[in-house]
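The values are calculated or read from the model by the stated rules, or taken from the named source; none is laboratory data. Computed from a prediction, not measured in an experiment: that's the story for all the values here. Note that we place each Cβ from the backbone using ideal geometry, even for glycine, and neighbour counts take in every protein chain shown. Side chains included, ligands, DNA and RNA excluded: accessible areas come from the protein's heavy atoms. Shrake-Rupley method; radii C 1.70, N 1.55, O 1.52, S 1.80 Å.
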Amino acid sequence: TLLFGAFIFNKPDVAVARWAEFETVVVEGGTSPLVRLQLLQKYVSGSRKNDDESTYRSSFMLKIVADAIKQQDSSKLLVAGLGVYEQFVAATWMVAIKDEAAAHVSHIFGHCSSNNPSVSVASFRALAEMCSQCLRSNCGMALVELQQFCEKAADLVSYGMASPKANVKSTAIFAAGNLALAIIREHEETEEALISSERFDELCRFSLKLLDDVNEKVVSNTIRAIGHFARLSYNEPFGQLYSESNHDDQFFDVAVRSLSLVLETGVQDARGRVAGRTWKQRSIAKKHAWGASSTFGVFLRSQVVWKHREVSQFAFRQLVDCLAPTFSLNHKIRRGAVESLAHIPTKTLQFLSGCSGVVGIAVAYCLKRPTGTPAKDLDAALTVNLCGALTKTDACALLRYLEDEDAMLVTVYERLCEPQETASAVEAMAVALVEQHDPKYVVWHQRFTSRALQLSRELGKAASENDEDEL
């Protein structure tokens, strides 16, 4: 059985080509229902890359699983059957949804609240995958059915997130993240919410509590889920469907403050400022900090930052500190920070920078990054975004942090090339250079001043042409 299962896992196409024989082996050759499920799981796992199961093959597999799950006296059978559900592709799930007699979805929903943690975990894993597969726009469910499905799923994961068992909490919050992500990816144009605002608010509140959990997997999955919840809360068009203003403010404030602590712990570990920690503790802190640095971007590019100046500016400075080349930082944490900063709009960057010149410091950090290092292209995109947001205060801060002035100023000059987006930044650089009262900057002041005048003329010409078009 083990050899045959390994062969089918690696060569699922052979089973498809000789399906009648494979079906006979599974039904008749399997010495027990558990062995049948194990063989089936090997095939399903191996064939996941092909989302083209026939209706006949799907129906056969679903019947094997449903028959096994009905025997509720065996937790091993339940776990194995739910494990097969977890591997099904979208084509098979579409058959499962239409097979109301077998009630596949009800089976999974019903076992999420099992008193047996192993069964609950397997159920939530199946639910997580079911959310990813069943919520596709072509799944065949009507809007009312989708809403009922999502509301029930949200209710179950809320129940699981309150479990005293760490593995149940971990898989429940992971399923909650999958539910939110599936809505984001597949239902941007759905005009009605698939989850009520009350239920969504409950998911957000429960997730914030789990950030303080002692289990590292619970915290990792919670950080991931919070990122998806934030997209539903603050990204258009979801925000107006899934959240209310009081939820936005509370969720933003608590989430950003909590994630700041997570990121700070990881960065302090990288700087060697936290003593007496094991390698495993440091590894976990870095993993969580990576998640936090990536999740921050969703919050900081939302309009809610304007209501929370202090906490937003602190989080922004934390992300910029992750760019500093003066200490060894986990490259994933830095990459998460770069991706978050690269997508913050210009006006928001200027607001977050304030009077501290943080955007200018961030540009200097990007320019100091050695060439040929990983994520060089990503750094270049970030530098363009940051340069376009430079104010005079930022430009002065940038000049203070520069080392090889000529080489770095060449890069800044080259980045400021789009008239519509960088005219004010070029002018800010010109003013900052003249205020340094340093002869070495005279040539560069002339170049930036000349470029500012050129951009001003181009903008004026473009405005004039637009006026003529309107006439």
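A few points about this structure:
- Once the Cα atoms are used to define both axes, helix 33-46 deviates from the longest principal axis of the chain by about 30 degrees.
- Taking label points 7 Å from Cα along the Cα-to-Cβ direction, Glu23 and Thr55 give a separation of 1.5 nm.
- Viscosity 0.692 mPa s, temperature 37 °C, Stokes-Einstein D of the chain from Kirkwood C-alpha radius, µm²/s: 129
- Spatial separation of Cα centroids for the stretch 289-347 and the stretch 130-175, in angstrom: 30
- Looking at the chain, the accessible area is 48 square angstrom per residue; that uses a 1.4 Å probe and ignores ligands, DNA and RNA.
- Computed FRET value (nearest 0.05) for Glu198 with Leu3, which takes r as the C-beta separation and R₀ as 60 Å: 0.70
- Pairs from Lys217/Lys287; Lys217/Lys280; Lys287/Lys347; Lys169/Lys209; Lys286/Lys307; Lys286/Lys332 whose Cα-Cα separation, in the structure shown, is over 20 Å: Lys287/Lys347; Lys286/Lys307
- Degrees between helix 331-342 axis and first principal axis of the chain (Cα, 0 to 90, nearest 10): 70
- Computed over protein heavy atoms with a 1.4 Å probe, the carbon and sulfur contribution to the accessible area of the chain reaches 50%.
- Angle between the chain longest axis and helix 309-321 axis [Cα atoms, degrees, rounded to 10]: 90
- The Val274 and Asp212 beta-carbon pair, evaluated with R₀ = 22 Å, returns a calculated FRET efficiency of approximately 0.75.
- Value of [θ]222 nm, deg cm²/dmol, for the chain, DSSP H segments ≥ 4, -39500 (n - 2.57) each, nearest 500: -23500 deg cm²/dmol
- Take the Cα of Ala90, step 7 Å toward its Cβ, do the same at Glu188, and the gap between the two points is 1.5 nm.
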